[in-house]
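Read the structure below first, then the notes.
The values are calculated or read from the model by the stated rules, or taken from the named source; none is laboratory data. Predicted, not measured: the structure shown is a model, and the values here were computed from it. Here the Cβ positions follow ideal geometry from the backbone for every residue, glycine too, while neighbour counts run over all protein chains shown.
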Amino acid sequence: MPKATVRLQHLSTNQIEQAVSDEQGRFGFRHIPGALWQMTVRAAEYQPHQLDTLQLGGAAYDLRITLRLR
């Protein structure tokens, strides 16, 4: 999904990181600490999608996320 907003929230500290996906739907976060995070993806005309508990940090991940039309 191009131009989707991807928001990470650290579950212990509430630190927020945000990125916007590119034309191929790819996005990235650099140097996030290894921890539990909540991810929310938003795009125009689609319902937000939330992943409640992700263990992230120190690696690359290939996440497949499906957004539903409103």
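Within the stretch 15-60, being surrounded by fewer than 12 Cβ atoms within 10 Å (Cβ to Cβ) and among the small types (Gly, Ala, Ser) holds for Gly28, Gly34, Ala44, Gly58, Ala59, Ala60. Of the residues making up the stretch 5-56, those that are in a loop (DSSP other than H, G, I, E, B) and of a type outside the set (A, V, I, L, M, F, W, C) number 18. Of all the criteria given as (1) surrounded by 12 or more Cβ atoms within 10 Å (Cβ to Cβ); (2) free of Cβ contacts under 8 Å to residues at least 60 places away in the same chain, the one not satisfied by Leu69 is (1).
Does Leu63 satisfy the criteria of being hydrophobic (A, V, I, L, M, F, W, C), surrounded by 10 or more Cβ atoms within 10 Å (Cβ to Cβ) and part of a strand (DSSP E or B)? So Leu63 fails the test.
The residue that is modelled with the lowest pLDDT, among those in the stretch 35-70 that are in contact with a Leu (Cβ under 9 Å, 6 or more places away or on another chain) and within 11 Å of Met1 (Cα to Cα), is Ile65.
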